[in-house]
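The values are calculated or read from the model by the stated rules, or taken from the named source; none is laboratory data. Not measured: the values here are computed from a predicted model. In this analysis, Cβ positions are derived from the backbone assuming ideal geometry, glycine residues included, and neighbour counts consider all displayed protein chains.
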Amino acid sequence: MRVNAYAAPAAGEPLAPTTIERREVGATDVLIAIEWAGICHSDIHTVNGDWGPQPYPVVPGHEIVGTVAEVGPDVTTHRVGDRVGVGCMVNSCGTCDNCRNGDEQYCRHGMVGTYAATDRDGTTTQGGYSTHVVVDAGFVLSVPDGIDPAAAAPLLCAGITTYSPLRRWNAGPGKKVAVVGLGGLGHMAVKIAHAMGAEVTVLSQSLKKQEDGLRLGADHYFATSDPGTFDALAGSFDLIVNTVSASIDVNAYLGLLAVDGTLVNVGAPPEPLPVNAMALIGGRRSFAGSMIGGIAETQEMLDFCAEHGIAAEVEVIPADRVNEAYERVLASDVRYRFVIDASTLA
Ligand code: NAP
Ligand code: ZN
């Protein structure tokens, strides 16, 4: 099946319209008519080659929401017409210990990314900036009725990437959580941590988005450009979630952790983030990382968001404005996730 898409032809080149081939619907596959596709900063890192060479042309997009158009004969979990979502992965081995534990994202044989990855049949995956996608039913999520579908799309990456560490490190009542960077991931971290009952602080480069941050659920808001912030908040947080796409001075942020506190890095800058052991030792602190979340946990996150009435703040754009949206994300001028209306690709 030949479908319309937007692809990056080479590293650093603007995205342009193209067509791509989608595989036949196999026994366990779901054909999804894509309605919405979020723009994640990871799409930009990937197409710009920040993380290494890519199999161009690359159709990005791993925050996909649409409706089921067809299912294979062995699919029992989704029906034609259901509203569904696909996140950052479309396959994994399913048999290793990590897959069996629900951590498909850490599959020992390598999870298959939604785009720019080699699928288990040897083909290169292409993502959600497209009209249709065929995905194994085991990697297709159910989008609850209560969530606006366009605002649900970013939950498939930004939502789960922040939900997972907030859960694992017990964000909740009595816990002080700081979120570094108020972009796509950051704004979801604020909403989710607030819904979990934590006391939430935003650490942003400036106070430009303070009003928004407080409206989204933050209790406090500080500018990291003000050196006084690091003195005022020293030793105060149980958990810091760093969502920044560029390298920051991690040691300065480790100093903001209380004893036994943890700084979880979800931001994925191309450069190393040097850590001074003294910043960890002087407070029994931890520096951790976390990558998206497993499939069952992603469904749990979607249900949690529906229950708490939360989703992303989105700016919907037609596909032909994707390059402009990339520029705005790179300039930290996103409020707070761009979502492509896939009907503009038809
Ligand atoms: P985004 O919307 O661009 O948000 C990043 C935010 O970081 C910006 O809005 C800005 O917030 C802050 N920031 C940007 N440049 C900065 C700099 N030079 N210094 C300090 N702060 C800066 O990006 P995103 O989509 O949320 O993604 C964030 C990062 O997470 C990316 O690296 C992405 O690849 C990664 N990611 C990781 C996973 C995972 O599984 N671990 C999943 C998805 C994405 P302020 O304006 O508030 O300062
Ligand atoms: Zn993403």
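Inspect region 108-126 for any residue being free of Cβ contacts under 8 Å to residues at least 24 places away in the same chain, over 23 Å from Asn4 (Cβ atoms) and touching a helix residue (DSSP H, G or I) at 6+ places or on another chain (Cβ under 7 Å) and give the result as yes or no.
Checked region 108-126: at least one residue is free of Cβ contacts under 8 Å to residues at least 24 places away in the same chain, over 23 Å from Asn4 (Cβ atoms) and touching a helix residue (DSSP H, G or I) at 6+ places or on another chain (Cβ under 7 Å).
If you take the residues in region 236-292 that are of a type in the set (D, E, K, R) and either within 14 Å of Leu203 (Cα to Cα) or touching a strand residue (DSSP E or B) at 6+ places or on another chain (Cβ under 9 Å) (or both), which one is nearest to ligand 1 (Cβ to nearest atom)? Before you say what the answer is, go through the steps one by one.
Taking region 236-292 first, the residues of a type in the set (D, E, K, R) are 238, 249, 260, 271, 284-285.
Next, from what is left, pick out any that are either within 14 Å of Leu203 (Cα to Cα) or touching a strand residue (DSSP E or B) at 6+ places or on another chain (Cβ under 9 Å) (or both): 238, 249, 260, 284-285.
Working: Asp238: 20, Asp249: 10, Asp260: 23, Arg284: 24, Arg285: 20 Å.
The residue in question is Asp249.
Provide a single number: the residues in region 187-232 that are within 16 Å of ligand 2 (Cβ to nearest atom) and either assigned to a loop (DSSP other than H, G, I, E, B) or out of contact with any strand residue (DSSP E or B) (no Cβ under 7 Å at 6 or more places or on another chain) (or both).
Taking region 187-232 as the starting set, the residues that turn out to be within 16 Å of ligand 2 (Cβ to nearest atom) are 187-189, 192.
From what is left, the residues that are either assigned to a loop (DSSP other than H, G, I, E, B) or out of contact with any strand residue (DSSP E or B) (no Cβ under 7 Å at 6 or more places or on another chain) (or both) are 187-188, 192.
Adding up the residues that qualify gives 3.
Yes or no, residue by residue, for (1) β-branched (Val, Ile, Thr); (2) under 16 Å from the mean Cα position of the chain (by Cα); (3) within 30 Å of Ser332 (Cβ to Cβ):
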site: Ala7; (1), (2), (3): no, no, yes
site: Pro14; (1), (2), (3): no, no, yes
site: Asn48; (1), (2), (3): no, no, yes
site: Cys88; (1), (2), (3): no, yes, yes
site: Asn98; (1), (2), (3): no, no, no
site: Cys107; (1), (2), (3): no, no, no
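Confirm whether Gly309 is away from ligand 2 (no atom under 16 Å from the Cβ), over 26 Å from Ala7 (Cα atoms), free of Cβ contacts under 8 Å to residues at least 12 places away in the same chain and more than 18 Å from the chain's Cα centre (by Cα). Show your work before the answer.
On the way: away from ligand 2 (no atom under 16 Å from the Cβ): yes; over 26 Å from Ala7 (Cα atoms): yes; free of Cβ contacts under 8 Å to residues at least 12 places away in the same chain: no; more than 18 Å from the chain's Cα centre (by Cα): yes.
No: the conditions fail for Gly309.
Given the conditions (1) surrounded by fewer than 24 Cβ atoms within 10 Å (Cβ to Cβ); (2) touching a residue at least 60 places away in the same chain (Cβ under 8 Å), which single one is not true for Glu104?
Going through the list (1) surrounded by fewer than 24 Cβ atoms within 10 Å (Cβ to Cβ); (2) touching a residue at least 60 places away in the same chain (Cβ under 8 Å), Glu104 breaks only (1).
Just to be sure before I move on: is Gly61 modelled with pLDDT of 95 or more and crowded, with 17+ Cβ neighbours inside 10 Å in the structure I sent? Talk me through it step by step, then tell me what you get.
On the way: modelled with pLDDT of 95 or more: yes; crowded, with 17+ Cβ neighbours inside 10 Å: yes.
Yes: the conditions hold for Gly61.
If the requirement is being surrounded by 22 or more Cβ atoms within 10 Å (Cβ to Cβ), modelled with pLDDT of 95 or more, assigned by TED's automatic domain parsing to the domain that holds Gly128 and on the phi < 0 side of the Ramachandran plot, which of these qualifies: Val241, Val143? Break it down into steps so the answer makes sense when it comes.
On the way: Val241 fails: assigned by TED's automatic domain parsing to the domain that holds Gly128.
Of Val241, Val143, the one residue that is surrounded by 22 or more Cβ atoms within 10 Å (Cβ to Cβ), modelled with pLDDT of 95 or more, assigned by TED's automatic domain parsing to the domain that holds Gly128 and on the phi < 0 side of the Ramachandran plot is Val143.
I want to confirm something. Restricting to region 14-31 and keeping residues that are of a type outside the set (S, T, N, Q), farther than 20 Å from Val316 by Cα and in contact with an Asp or Glu (Cβ under 9 Å, 6 or more places away or on another chain), which single residue is farthest from ligand 2 (Cβ to nearest atom)? Working first, answer last.
Our first condition is that a residue be of a type outside the set (S, T, N, Q); within region 14-31, this holds for 14-17, 20-27, 29-31.
Checking which are farther than 20 Å from Val316 by Cα leaves us with 20-27, 29-31.
Right, trim to in contact with an Asp or Glu (Cβ under 9 Å, 6 or more places away or on another chain) and you get 23, 25-27, 29-31.
On the way: Arg23: 23, Val25: 26, Gly26: 26, Ala27: 29, Asp29: 23, Val30: 21, Leu31: 23 Å.
Ranking the qualifying residues of region 14-31, first place goes to Ala27.
Tell me, yes or no, whether region 315-326 has at least one residue that is more than 30 Å from Ala16 (Cβ to Cβ) and small (Gly, Ala, Ser). Break it down into steps so the answer makes sense when it comes.
So the first thing to find is which residues in region 315-326 are more than 30 Å from Ala16 (Cβ to Cβ), and the list is none.
No, region 315-326 contains no residue that is more than 30 Å from Ala16 (Cβ to Cβ) and small (Gly, Ala, Ser).
Would you call Val75 in a strand (DSSP E or B) and in the same structural domain as Ala152 (by TED's automatic domain parsing)?
Values: in a strand (DSSP E or B): no; in the same structural domain as Ala152 (by TED's automatic domain parsing): yes.
Judged against the criteria, Val75 is not a match.
Can you report the number of residues in region 157-186 which are in a helix (DSSP H, G or I) and under 15 Å from Arg215 (Cα atoms)? Lay out the reasoning, then the answer.
Taking region 157-186 and keeping what is in a helix (DSSP H, G or I), we get 158-168, 184-186.
Add one more test, that the residue is under 15 Å from Arg215 (Cα atoms), and what stays is 186.
Of the residues in that region, 1 qualify.
Looking only at region 159-211, filter to residues that are within 19 Å of the chain's Cα centre (by Cα), of a type in the set (Ser, Thr, Tyr) and more than 8 Å from ligand 1 (Cβ to nearest atom); which one of those is nearest to Gly102 (Cα to Cα)?
Ser164
Exactly one condition in (1) more than 16 Å from Ile34 (Cα to Cα); (2) in contact with a strand residue (DSSP E or B) (Cβ under 9 Å, 6 or more places away or on another chain); (3) within 13 Å of ligand 1 (Cβ to nearest atom) is not met by Asp119; state its number.
With respect to (1) more than 16 Å from Ile34 (Cα to Cα); (2) in contact with a strand residue (DSSP E or B) (Cβ under 9 Å, 6 or more places away or on another chain); (3) within 13 Å of ligand 1 (Cβ to nearest atom), Asp119 is out only on (3).
What pairs can you find where one residue is in region 12-29 and free of Cβ contacts under 8 Å to residues at least 24 places away in the same chain and in a strand (DSSP E or B), the other is of a type in the set (S, T, N, Q) and surrounded by fewer than 16 Cβ atoms within 10 Å (Cβ to Cβ), and their Cβ atoms are less than 9 Å apart, with a gap of 6+ or different chains?
Listed pairs, sorted by first residue: Ala16/Asn323; Glu21/Thr123.
Is there any pair with a first residue in region 180-194 that is outside the structural domain of Lys209 (by TED's automatic domain parsing) and over 18 Å from Glu300 (Cα atoms) and a second that is of a type in the set (Gly, Ala, Ser) and within 13 Å of ligand 2 (Cβ to nearest atom) whose Cβ atoms are under 8 Å apart and which are 6 or more apart or on different chains, and what are they?
Pairs that qualify, where the first residue is outside the structural domain of Lys209 (by TED's automatic domain parsing) and over 18 Å from Glu300 (Cα atoms) and the partner is of a type in the set (Gly, Ala, Ser) and within 13 Å of ligand 2 (Cβ to nearest atom): there are none.
Being modelled with pLDDT of 95 or more and either touching a Lys or Arg at 6+ places or on another chain (Cβ under 9 Å) or away from ligand 1 (no atom under 11 Å from the Cβ) (or both) is the filter here, so list the residues in region 224-235 that pass it.
Step one: filter region 224-235 for residues modelled with pLDDT of 95 or more, giving 224-226, 228-235.
Asp226, Gly228, Thr229, Phe230, Asp231, Ala232, Leu233, Ala234, Gly235 - these are the residues of region 224-235 that are modelled with pLDDT of 95 or more and either touching a Lys or Arg at 6+ places or on another chain (Cβ under 9 Å) or away from ligand 1 (no atom under 11 Å from the Cβ) (or both).
Please work out if Val133 is more than 12 Å from ligand 1 (Cβ to nearest atom) and more than 18 Å from the chain's Cα centre (by Cα). Break it down stepwise before answering.
On the way: more than 12 Å from ligand 1 (Cβ to nearest atom): yes; more than 18 Å from the chain's Cα centre (by Cα): yes.
Considered against the rule, which asks whether it is more than 12 Å from ligand 1 (Cβ to nearest atom) and more than 18 Å from the chain's Cα centre (by Cα), Val133 comes out as yes.
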